[in-house]
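Q: I'd like to ask you about the structure that follows.
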Amino acid sequence: MAEVYPVGTRIVHPSYGAGTVVEVQEKSIGDMRQEYYVIDTVPSPRAMQVMVPVIKAEEIGLRKVGRLKELREMLSSLPEPLSDGEVENDFRSRKSMLQDLLESGIFTDVAEAVYILRSMTTWRRLCMTDRKMFDKGKEMLAAELALASGQDLGDAMAEVESCLERMVDKGKENGEDGN
């Protein structure tokens, strides 16, 4: 049986990021009546309202926001950056893999995509597509962290950035080149 999210539940939509269920609304289309979760997303870069059919929530991948302790542990445990040879060189394959990770909406998957992209910045500039995925991933991590911690989005983004910098510092301490 699918989980029910009452009003006030902090959730993550795999495509739209973190938000809060603000209403459960019933809509009619012809003779069919259906309930929808109305979700206010964390404003990153702008707030929006998303409607998700209650019966499709599990299929879509809607889930509760992670526990703060676990989210922070995940971010603080990022290993030193990958080297150039450890990242897929084929642009299309890399883009597809990174998009799959981001679109899962799962915190660990999103963190992995951000980790890979941040690693890449230690040896070259990101192309426009990689930069957009990197920024989207950081926004998704920060939005979930903000909801889990009760802090504002800017503070959560600063925490994500700090964890990424510590990761790069680990690589420098171990003798790897970095920017």
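Q: Calculated from the structure, Rg and Dmax of the Cα atoms in Å equals which of (1) 18.0, 67; (2) 15.0, 44; (3) 41.3, 123?
A: (1)
Q: So what's the back-of-envelope 222 nm ellipticity for the chain, counting only DSSP H runs of four-plus at -39500 (n - 2.57) apiece and dividing by all residues, rounded to 500?
A: Per the formula, -15000 deg cm²/dmol.
Q: Then there is this: At a Cα cut-off below 18 Å, give the aspartates and glutamates reachable from Lys170, other chains included and same-chain residues fewer than 8 away excluded.
A: Glu73, Glu80, Asp84, Glu86, Glu112, Glu159, Glu161
Q: Let me ask something additional. Taking the highest mean first, how do the peptides 127-133, 139-145 order by number of other beta carbon atoms within 10 angstrom per residue?
A: Ranking, from highest mean packing down: 139-145, 127-133.
Q: How much FRET efficiency would the formula 1/(1 + (r/R0)^6) give for Lys56 and Ser96, where r is the Cβ-Cβ distance and R0 is 25 Å, rounded to 0.05?
A: The computed FRET efficiency comes out at 0.50.
Q: So which trypsin sites (Lys or Arg not before Pro) in the range 21-96 are both in a DSSP loop and have at most 12 other Cβ atoms within 10 Å of their Cβ?
A: Arg46, Arg67
Q: Okay, moving on. Loop-only GluC sites (Glu not before Pro) in the range 86-132, please: DSSP not H, G, I, E or B, and at most 13 other Cβ atoms within 10 Å.
A: Sparse-neighbourhood loop GluC sites (Glu not before Pro): Glu88.
Q: If I fit a long axis through the Cα atoms of helix 91-104 and take the longest principal axis of the Cα atoms of the chain, what angle between them do I get, 0 to 90°, rounded to 10?
A: Once rounded, the angle reads 40 degrees.
Q: Can I ask one more? Karplus couplings for the range 143-160 from phi (6.51 cos²θ - 1.76 cosθ + 1.60, θ = phi - 60°), rounded to Hz, Gly and Pro as x?
A: 5, 5, 4, 4, 5, 5, 9, x, 8, 7, 4, x, 5, 5, 5, 4, 5, 4
Q: Just tell me which lysines come within less than 18 Å, Cα to Cα, of Lys132; anything on the same chain fewer than 8 places away is out.
A: Lys95
Where a number appears in this text, it was derived from the coordinates with a stated rule and is not lab data. Values in this document were obtained by computation on a predicted structure and should not be read as measured data. Methodologically, a virtual Cβ is constructed for each residue, glycine included, from the backbone with ideal geometry; neighbour enumeration extends over all protein chains shown.
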